[in-house]
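This report refers to the structure that appears directly beneath it.
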Amino acid sequence: MRVLPIIPPFIPGVDDIGIAEIPCADPTNEKGLLTWVHPLGTMRSGSLATFARTPDHEVGGHWHEEIPNKNPEKFILLDGTMVFTFEDAYGARRIERFEANALGRKILLTIPPFIIHWVKIESPVALYQEIQQEPFRLTDNWSEADWIRLKELVLRTRVKP
């Protein structure tokens, strides 16, 4: 059994999840209408992972602690219909349905640490990207069983803000 990570003084809640539409680069011309740019800020290295998933794939069912690669976890939803379920350490849940389109709407989803998340793919295929500051490590993900232990600890030792 893994030792739970140190719990920070502030634990984000489901209301801290960021959802923003990424505007096209230039709505005044055809190429600009079909171009989307998301700045990576001061990130000097890392990667952009691209995922294609179908309804048959299990996606999510995990959470992350405060680590550089997942603080926060950032997804760019490119194409398809996806339903995300989020739960914070105090038990609050949030469900969001997103529709992205290869020739249109793109969405930036920002998930803070200490929020478990699941994704259900509703379209035949969904395409999304994850911005990663460091190479992915399997230990970046914590399990649903670890989530139950974390929630019990939080509820015993913290007052909901």
Pairs under 8 Å by beta carbon, first residue touching a residue at least 12 places away in the same chain (Cβ under 8 Å) and basic (Lys, Arg) in region 1-29, partner assigned to a helix (DSSP H, G or I) and surrounded by 13 or more Cβ atoms within 10 Å (Cβ to Cβ), six or more apart or different chains?
Arg2/Asp146
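A quick yes/no check of all residues on (1) on the phi < 0 side of the Ramachandran plot; (2) in contact (Cβ under 8 Å) with a residue 24 or more places away in the chain; (3) β-branched (Val, Ile, Thr):
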{"site": "Gly61", "(1), (2), (3)": "no, yes, no"}
{"site": "Pro68", "(1), (2), (3)": "yes, yes, no"}
{"site": "Leu77", "(1), (2), (3)": "yes, yes, no"}
{"site": "Thr85", "(1), (2), (3)": "yes, yes, yes"}
{"site": "Phe114", "(1), (2), (3)": "no, yes, no"}
{"site": "Glu122", "(1), (2), (3)": "yes, yes, no"}
{"site": "Tyr128", "(1), (2), (3)": "yes, yes, no"}
{"site": "Gln132", "(1), (2), (3)": "yes, yes, no"}
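Look at Thr139 and say whether it is without any contact (Cβ under 8 Å) to a residue 40 or more places away in the chain and at negative phi. Steps first, answer last, please.
Numbers: without any contact (Cβ under 8 Å) to a residue 40 or more places away in the chain: yes; at negative phi: yes.
It is true that Thr139 is without any contact (Cβ under 8 Å) to a residue 40 or more places away in the chain and at negative phi.
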Whichever residue in region 119-142 is modelled with pLDDT of 95 or more and of a type in the set (Ser, Thr, Tyr) and, among such residues, is farthest from Trp63 (Cα to Cα)
Ser123
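Those residues that are exposed (fewer than 15 other Cβ atoms within 10 Å of the Cβ) and modelled with pLDDT of 95 or more, I need them from region 102-118; list them, please.
Looking only at region 102-118, we keep the residues that are exposed (fewer than 15 other Cβ atoms within 10 Å of the Cβ), and these are 102-104, 110.
Thr110 - this is the single residue of region 102-118 that is exposed (fewer than 15 other Cβ atoms within 10 Å of the Cβ) and modelled with pLDDT of 95 or more.
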Tell me which residues, restricted to region 64-97, are out of contact with any His (no Cβ under 7 Å at 6 or more places or on another chain) and surrounded by 21 or more Cβ atoms within 10 Å (Cβ to Cβ).
His64, Phe75, Leu77, Gly80, Met82, Asp88, Ala89
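The values are calculated or read from the model by the stated rules, or taken from the named source; none is laboratory data. The structure displayed is predicted, hence computed values, not measured ones. Quick reminder, even Gly has a Cβ in these numbers, built from the backbone with ideal geometry, and neighbours come from all protein chains shown.
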